[in-house]
Amino acid sequence: MDTEVIEIHYHSDRIEKLTYIDGKSDWIDLRAAEDVTLKKGEFAMIDFGISLRLPDGYEAIVAPRSSTFKNFGILQVNSIGVIDESYGKHSTDDVWKYPVFAVRDTEIHVNDRIAQFRIQKHQPRIVFQEVGEKKGETRGGFGSSGVQ
């Protein structure tokens with residue numbers, strides 16, 4: 001397995017250092033670096049308290065943890081976040097934040113795990129080749145994979 005070195009600056013000594021999720025995944029938890037109180041219907045940019053310098057050719061994908069909505073009643077407003085290597089390349093002022101919308105009154109405290117991220121290589125350059133109509137057995141269309 002390849003190992004990459006990622007430069008990180010912690011803007012707070014109150015948050016735990018980044019680690020893989022309990023050794024069960026290659027995603028890494030992101031924690032709130034500030035206490036946040038939100039009323040239902042409010043928007044906030046929650047500070048993660050970190051700046052990273054990603055290697056050239058890489059990007060980070062930020063997504064909610066599976067328990068974030070249940071525990072805190074917040075939704076990540078852009079569904080997922082994509083942070084490319086240009087963000088944080090020249091300045092530690094490029095702090096990672098989490099854009100959220102509250103669906104109920106909630107409180108988030110320093111070190112609450114509210115999101116997760118992974119780093120991946122950029123997608124290779126793709127050329128789309130147009131083809132004629134394809135005939136064959138259909139899967140049933142979008143959303144047809146069933147409940148189970």
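The figures follow:
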| quantity | calculated |
| --- | --- |
| Filter result for the condition that a residue is out of contact with any Ser or Thr (no Cβ under 9 Å at 6 or more places or on another chain) and open to solvent by less than 70 Å² (accessible area, probe 1.4 Å), over Val127, Val62 | Val62 |
| Residue match in the stretch 93-113 (condition: under 26 Å from Thr3 (Cα atoms), open to solvent by less than 60 Å² (accessible area, probe 1.4 Å), β-branched (Val, Ile, Thr) and assigned to a strand (DSSP E or B)) | no |
| Selected residue (criterion: surrounded by the most Cβ atoms within 10 Å (Cβ to Cβ)) from residues of the stretch 17-35 that are part of a strand (DSSP E or B) and in contact with an Asp or Glu (Cβ under 7 Å, 6 or more places away or on another chain) | Arg31 |
| Those residues of the stretch 102-125 which are touching a residue at least 60 places away in the same chain (Cβ under 8 Å) and farther than 25 Å from Thr19 by Cα, in sequence order | Ala102, Val103, Arg104, Asp105, Thr106 |
| Verdict on Pro64 being modelled with pLDDT of 90 or more, closer than 22 Å to Arg31 by Cα and either over 16 Å from the mean Cα position of the chain (by Cα) or not polar (S, T, N, Q) (or both) | yes |
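The values are calculated or read from the model by the stated rules, or taken from the named source; none is laboratory data. It should be emphasised that the depicted structure is a prediction, and the values quoted were computed from it without experimental measurement. Cβ atoms come from the backbone with ideal geometry, glycine included; neighbour counts cover every protein chain shown. Calculation scope for accessible area: heavy atoms of the full protein, side chains included, ligands and nucleic acids excluded. Shrake-Rupley method; radii C 1.70, N 1.55, O 1.52, S 1.80 Å.
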